[in-house]
Each structure stands twice: as structure tokens, then as C-alpha cells.
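The values are calculated or read from the model by the stated rules, or taken from the named source; none is laboratory data. These numbers come from a predicted model, not from an experiment. Here the Cβ positions follow ideal geometry from the backbone for every residue, glycine too, while neighbour counts run over all protein chains shown. SASA here: full protein model, heavy atoms, side chains in, ligands and nucleic acids out. Shrake-Rupley method; radii C 1.70, N 1.55, O 1.52, S 1.80 Å.
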Amino acid sequence: MLQLPKKKKLLNTFVKINFFTLIFFKVRLYAKSHFCTSQFFINLYFQFLFMLDEKGNIFIIEAILAITLLLFVFLVFNYTISISNSDYSAQIKESKNAEDIMEILSGKINFTDRTFIGDISVILNDNENSKESIHEVSKLCDEKFSSLKLKNYRFSETNILNDEVFSSSGDYSSADNVSVAIRTYADYSYTLSVW
């Protein structure tokens, strides 16, 4: 009596292995003759879905467990990919900061066609880039940047005035991870560095 269940279990396993071998060869023959049409996969799905053992239980539980395991592995893999790198996020934030401030400087003032960069360009151009005009522009830039409450920045003109610094705060020579934004107005090219 004790050996009967073992033989039955062994026979059950043997039948399952032979059944899967039979399915494999049937799939190969069917695929060769029907060129893997969608009907082939539907038939294969239903044959797998309604596999019964001697007691009439459906093997679908094994399939559900396998699919659940695959889904779990897929979700874990996606989660590890989607974890953000904090260093990369910090670099984006600094770059956006410089670009946002430069947008403020080049944006329209009180819904007119005037811009801050346009105003300082007009002052420099009308006074032929004299020292007085550079001093006046530096004063305007200091006021503007103090209202924006920046800690470490450097604002300069890099085309006509050979990298003339109008306003700065902080030690630029020891700065790490400097974000830069550039805007051009007429012949003047303005560079804002933020760190």
C-alpha cells in the first residue's frame, strides 16, 4: 500500500513529461505546416489551459504561478531602472536655475517690448561702450541680481567687451558644477554662470 502512491506519483510525472514532449513535437509540426498563424497560438493556448490530470484538476495553477513570478521579476527590474541618480538630478537643477534666471533677464518688462538685456545693450551701444556706460550697466545688474537673491553667480558680456564682468558674487575660480546660460542681443552676447 505504501508503494502505490509513489508509483502513482511517478507515473503522473512520467505522463506530464511525455505530454509536454508530445505538445512540443505537435507544435513543431503544426508550426511548419501553418507558418505560425494566430489560430495556431490560440489552439496552443486552449490546449494548455484545459490540461487535466487523473483527478480532473486543471494545471492552470502552475501557469498562474509562473506568470506571477515573471510579472514580479519584470516589476523589480523596472523599479531598479527607474531609481533616479541624485547627482544627475542635481546637475539638471543647477542648469535649469541658470536658464530660468536668464529667461527672466531676457523676458519682457511689464508687458512691453523692453527687456533687461535690451535695456543694458541700448545703454552700452548709445554710449559706445564707454567706461561710464559699463559702470552704469554694472550698477543696474547689481540691483537686478540682488532682487533675484542669488548667492553665487557671474554675469558678463563675452563678445564686444572681451568678457567684461558686470556683476558677480562668490568665488568663481573655485566653483564646481557651474551652470551656464547665454543670450544674445544685437552684437552683445551675455553669459550668466551660476554655481
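Checking the conditions here, which among LEU124, LEU105 is over 39 Å from the mean Cα position of the chain (by Cα), touching a residue at least 40 places away in the same chain (Cβ under 8 Å) and assigned to a helix (DSSP H, G or I)?
Numbers: LEU105 fails: over 39 Å from the mean Cα position of the chain (by Cα).
On inspection, the qualifying residue turns out to be LEU124.
Read through the list (1) in contact with an Asp or Glu (Cβ under 7 Å, 6 or more places away or on another chain); (2) open to solvent by less than 20 Å² (accessible area, probe 1.4 Å), then give the number of the only condition that ILE123 fails.
If we test ILE123 against (1) in contact with an Asp or Glu (Cβ under 7 Å, 6 or more places away or on another chain); (2) open to solvent by less than 20 Å² (accessible area, probe 1.4 Å), just (2) comes out false.
Considering SER84, SER89, which residue is at pLDDT below 75 and outside any helix (DSSP H, G or I)?
SER84
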